[in-house]
Amino acid sequence: MIKFKNEPETWKRLDYEIMSRGFLKPYNDYQVLKDNTEWFVSEGYKIITFDCTEWTDKKAMHDSLHNQFDFPNYYGNNWDALQECLNEIEIQENGLVVIFDNFNNMNIKDAHTLIDVFVSSAQRHLIFLERLLILVKVENRAFSLNPFGANNFFWY
């Protein structure tokens with residue numbers, strides 16, 4: 001994994017830009033997404049892509065996530081299980097980029113929860129010097145989500 005340095009060359013890196021803004025980058029242009037994906041591949045990132053039009057319901061979504069990430073058989077097909085399994089995946093090379101294509105086809109509540117789970121997992125992986133980045137392709141720039149990646153208030 002490339003170590004970031006606090007210098008202008010680092011600030012121009014795509015991975016640095018995305019991580020510094022919350023691990024998530026939206027796209028509405030396929031060519032820009034394609035160019036960025038090629039940059040990640042050239043930098044040694046693994047890419048996993050999901051087409052959200054195939055997710056006709058939550059079961060289809062969880063089945064797809066289970067298969068693509070090769071989660072254990074005990075994966076529970078719910079948000080808590082997704083969080084737990086994402087936190088346990090091993091991220092090799094320079095990092096992992098997860099692309100959600102046609103993201104605006106999802107139910108907005110599920111879309112928000114999915115991104116929240118992924119961003120929370122990305123924050124956790126960073127503790128172990130592992131990079132998890134999320135790219136979402138939507139049809140237009142009017143698409144928006146509520147704030148994500150928030151932490152709960154816990155007493156220690």
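The values are calculated or read from the model by the stated rules, or taken from the named source; none is laboratory data. It should be emphasised that the depicted structure is a prediction, and the values quoted were computed from it without experimental measurement. We place every Cβ from the backbone using ideal geometry, glycine too, and count neighbours over all the protein chains shown. Note: accessible area is taken over every heavy atom of the protein model, side chains too, but ligands, DNA and RNA are not part of it. Shrake-Rupley method; radii C 1.70, N 1.55, O 1.52, S 1.80 Å.
Checked against the criterion of being under 23 Å from Lys34 (Cβ atoms), part of a loop (DSSP other than H, G, I, E, B) and in contact (Cβ under 8 Å) with a residue 60 or more places away in the chain, the range 123-135 has at least one qualifying residue.
Might you let me know whether the range 61-80 holds any residue that is within 30 Å of Lys3 (Cβ to Cβ), buried (at least 17 other Cβ atoms within 10 Å of the Cβ) and touching a residue at least 40 places away in the same chain (Cβ under 8 Å)? No; the residues of the range 61-80 include none that is within 30 Å of Lys3 (Cβ to Cβ), buried (at least 17 other Cβ atoms within 10 Å of the Cβ) and touching a residue at least 40 places away in the same chain (Cβ under 8 Å).
Of all the numbered requirements in (1) in contact (Cβ under 8 Å) with a residue 12 or more places away in the chain; (2) touching a helix residue (DSSP H, G or I) at 6+ places or on another chain (Cβ under 9 Å); (3) polar (S, T, N, Q), Ser20 misses one, and that requirement is (1). If we scan the range 109-117, do we find a residue that is open to solvent by less than 40 Å² (accessible area, probe 1.4 Å), touching a residue at least 60 places away in the same chain (Cβ under 8 Å) and in contact with a Phe, Trp or Tyr (Cβ under 8 Å, 6 or more places away or on another chain)? Yes: the range 109-117 contains one or more residues that are open to solvent by less than 40 Å² (accessible area, probe 1.4 Å), touching a residue at least 60 places away in the same chain (Cβ under 8 Å) and in contact with a Phe, Trp or Tyr (Cβ under 8 Å, 6 or more places away or on another chain). Scanning the range 52-97 for residues that are within 16 Å of Leu114 (Cβ to Cβ) and among the small types (Gly, Ala, Ser) returns Ala60, Ser64, Gly76, Ala81. Residues that are closer than 18 Å to Phe4 by Cβ and free of Cβ contacts under 8 Å to residues at least 40 places away in the same chain were ranked within the range 34-49; the one that is surrounded by the most Cβ atoms within 10 Å (Cβ to Cβ) is Trp39. Among the listed residues Asn87, Asn105, which satisfies the condition of being farther than 24 Å from Ser42 by Cα, modelled with pLDDT under 95 and either among the hydrophobic types (A, V, I, L, M, F, W, C) or open to solvent by 30 Å² or more (accessible area, probe 1.4 Å) (or both)? Step by step, each of Asn87, Asn105 is checked, and only Asn105 is farther than 24 Å from Ser42 by Cα, modelled with pLDDT under 95 and either among the hydrophobic types (A, V, I, L, M, F, W, C) or open to solvent by 30 Å² or more (accessible area, probe 1.4 Å) (or both). Of all the numbered requirements in (1) surrounded by fewer than 16 Cβ atoms within 10 Å (Cβ to Cβ); (2) over 13 Å from the mean Cα position of the chain (by Cα), Cys52 misses one, and that requirement is (1).
Listed conditions (1) among the hydroxyl-bearing types (Ser, Thr, Tyr); (2) in a loop (DSSP other than H, G, I, E, B); (3) closer than 20 Å to Arg21 by Cβ; (4) open to solvent by less than 20 Å² (accessible area, probe 1.4 Å) are all met by Ser144, apart from (4).
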